[in-house]
Amino acid sequence: MKTSRILFTGGGTAGHVIVNLALIPVFRKEGWKIDYIGSEQGIERRLIESLDGVAYHAVSTGKLRRYLSKENIKDPFKVLKGTFEAWRIIGKRKPSVVFSKGGFVSVPVIVAAKLRGVPAVIHESDFTPGLANKLAMPFAEHVLSTFPETMDYLPEKKAEYVGAVIRNELFEGDKTRGLSLCGFTNEKPVLMIMGGSGGSEKINQTVRESLGSLLSEFQIAHICGLNKVDSSLQHDGYAQFEYVNDDLKDMFASADLVLSRAGANAIFEFLALQKPMLLVPLSRSASRGDQIINAHSFKEKNYANVLEEEELTSESLVQALMTLKKQAPVMIDHMKNYHSERARSRVIEIIKEAAGVKTN
Ligand SMILES: CC(=O)N[C@H]1[C@@H](OP(=O)(O)OP(=O)(O)OC[C@H]2O[C@@H](n3ccc(=O)[nH]c3=O)[C@H](O)[C@@H]2O)O[C@H](CO)[C@@H](O)[C@@H]1O
């Protein structure tokens with residue numbers, strides 16, 4: 001029987017890689033040959049290159065900058081070069097399907113797939129599609145959404161709402177291991193802090209200013225981001241991490257409440273694991289405002305409370321976390337209405353159909 005081949009792409013931030021990490025083991029187990037196209041330097045290289053059974057290929061890529069820079073002039077040429085490189089890789093590796101999680105590196109890959117006649121499937125994480133996915137959509141066969149409301153922004157004939165694809169292992173965490181990883185006890189509730197995959201300077205700083213008040217109520221597991229740990233801060237009940245990989249499931253299991261940015265993948269993980277959350281979405285001054293829309297859609301469903309970045313101070317943070325603690329049981333009841341199991345299997349089914357592989 002002919003071996004099936006799949007090519008994954010996506011990168012720039014972990015939010016554009018994590019879903020690929022959830023799908024790759026499934027295809028590897030079924031004997032598919034797996035390729036990945038990412039950038040030279042992006043986080044995708046660190047997360048993917050070391051995986052068994054995945055061939056990583058780096059291509060030239062542009063970047064979306066929201067400020068004036070000489071680099072903006074070079075970007076179209078980099079994207080063209082990346083498209084040619086991706087075209088060559090696709091020609092050589094001959095995947096039957098391409099799966100994209102978005103981010104700028106994915107655009108040349110989807111264009112090259114179209115030029116080679118290889119069907120591409122895009123999964124959009126956010127409530128409103130990002131620029132990279134908007135550019136890539138005309139060249140793709142299927143565009144899948146995480147939020148049901150995103151369907152209004154997608155081309156009708158290609159779009160399907162599937163939901164959030166979540167790594168299976170996140171449901172297998174061990175609370176006791178999570179507590180001992182942080183040096184915590186059962187005595188106080190655990191507040192887990194995640195400022196997106198890169199960490200958030202603003203959240204880190206405000207949390208650190210509020211440690212006195214917060215530590216009287218909570219033990220705090222703080223994921224700060226690469227190079228953002230402050231080792232001068234040594235307190236009982238306060239544990240800092242740069243980025244957590246395999247241990248994340250145990251940290252999730254030990255968390256009673258979460259303070260987080262509102263990246264789509266992260267908030268759906270908290271929802272699926274029924275963790276009451278306070279979201280501080282990335283402001284419009286630093287982004288296209290996607291996290292604000294993500295966060296408010298969760299608030300409307302009573303899955304989260306929201307504190308806008310412009311209103312984030314030490315006092316407002318402590319106050320909002322105390323409110324969250326009180327409201328947690330009700331929020332968990334609302335979260336019980338959400339069911340996440342279907343997304344992964346439906347995405348796999350769509351990919352296989354696009355690849356021309358029979359599904360049962
Ligand atoms: C600054 C920026 O551009 N942010 C965007 C980026 O966020 P970002 O890259 O932060 O992505 P998400 O918040 O969606 O997901 C982060 C992922 O990283 C994982 N994780 C995080 C920390 C850690 O230590 N270990 C770990 O495994 C989380 O469990 C989650 O699966 O992509 C999201 C999805 O398109 C967007 O909604 C965000 O607006």
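The values are calculated or read from the model by the stated rules, or taken from the named source; none is laboratory data. Every value quoted in this text rests on a predicted model; they were computed, and no experiment measured them. Here the Cβ positions follow ideal geometry from the backbone for every residue, glycine too, while neighbour counts run over all protein chains shown. Calculation scope for accessible area: heavy atoms of the full protein, side chains included, ligands and nucleic acids excluded. Shrake-Rupley method; radii C 1.70, N 1.55, O 1.52, S 1.80 Å.
For region 281-360, the convex hull drawn through the C-alpha positions has a volume of 122 cubic angstrom per residue.
Residues whose amide H comes within less than 5 Å of that of GLY196, counting only those at least five positions distant or on another chain, are ARG261 (H built at 1.01 Å from N in the peptide plane).
Once the Cβ-Cβ distance of ALA286 and LEU211 is raised to the sixth power relative to R0 = 30 Å, the FRET efficiency obtained is 0.75. Using the rule -39500 (n - 2.57) for each DSSP H run of four or more residues, divided by the residues of the chain, the 222 nm mean residue ellipticity is -12000 deg cm²/dmol. What spacing in nm lies between the two simple spin-label points modelled at VAL26 and GLU49, each 7 Å away from Cα in the Cβ direction? Calculated label separation equals 2.8 nm. Residue-wise HN-Hα couplings along region 98-106, as the Karplus relation 6.51 cos²θ - 1.76 cosθ + 1.60 with θ = phi - 60° gives them from phi, are 10, 10, 10, 9, x, x, 4, 5, 6 Hz; Gly and Pro carry x.
Near the amide H of LEU154, within less than 5 Å, lie no amide hydrogens of residues on another chain or at least 5 residues away, with H placed in the peptide plane. Largest accessible area first, the listed residues PHE77, PHE127 line up as PHE77, PHE127 when surface is computed with a 1.4 Å probe on the assembled protein chains. As a length-normalised measure over Cα pairs under 8 Å and 6 or more apart, the relative contact order of region 170-335 settles at 24 percent.
Cα centroids of region 278-351 and region 17-35: how far apart, whole angstrom? What the calculation gives is 28 Å, centre to centre.
At q = 0.10, 0.14 Å⁻¹ the log10 of I(q)/I(0) for region 119-218 amounts to -0.51, -0.77, computed by Debye summation with a single uniform scatterer per C-alpha, solvent ignored. For region 331-348, 3J(HN,Hα) computed residue by residue from phi via the Karplus equation (6.51, -1.76, 1.60; θ = phi - 60°) reads 4, 4, 4, 5, 5, 5, 6, 8, 10, 9, 5, 5, 3, 4, 5, 5, 4, 4 Hz, glycine and proline entered as x.
I want to verify the translational diffusion coefficient of region 170-335 in µm²/s; compute it with Stokes-Einstein, Rh as the Kirkwood radius over Cα pairs, at 37 °C and 0.692 mPa s. Translational D for this selection: 210 µm²/s.
Rounded to the nearest 10 degrees, the angle from helix 18-29 to the longest Cα principal axis of the chain is 60 degrees.
With both labels modelled 7 Å from their Cα along Cα-to-Cβ, the LYS81 to MET322 distance reads 5.6 nm.
Listed highest first by mean packing, meaning other Cβ atoms within 10 Å per residue, what order do 266-277, 300-311 come in?
Working: 266-277: 22.3, 300-311: 16.9.
The most tightly packed comes first, giving 266-277, 300-311.
Accessible surface comparison of TRP32, TRP87, probe 1.4 Å, protein chains only, largest first: the order is TRP87, TRP32. Extension gain for ASN72-HIS334 works out to 89.8 nm (0.36 nm per residue, less the C-alpha to C-alpha distance). Computed 3J(HN,Hα) for region 261-270, one whole-Hz value per residue from the Karplus formula 6.51 cos²θ - 1.76 cosθ + 1.60 where θ = phi - 60°, is 5, 10, x, 4, 5, 4, 5, 6, 5, 4, glycine and proline marked x. Amide H contacts of PHE8 (H built 1.01 Å from N, in plane; Pro and chain starts excluded): ASP35, TYR36, ILE37, PHE99 sit under 5 Å, all sequence-distant by 5 or more or on other chains.
When the Cα positions of PHE270, SER200, THR13 are compared along the charge dipole of the chain, THR13 comes out farthest toward the positive end, with charges on each C-beta of Lys, Arg, Asp and Glu. Shown here is the pair-distance distribution of the chain: with all Cα-Cα distances grouped in 10 Å bins from zero up to the longest one, the shares run 5, 25, 33, 24, 12, 2, 0 percent. Counted residue by residue at 0.36 nm each, then reduced by the alpha carbon distance between them, the extension gain from LEU131 to LEU233 reaches 32.8 nm.
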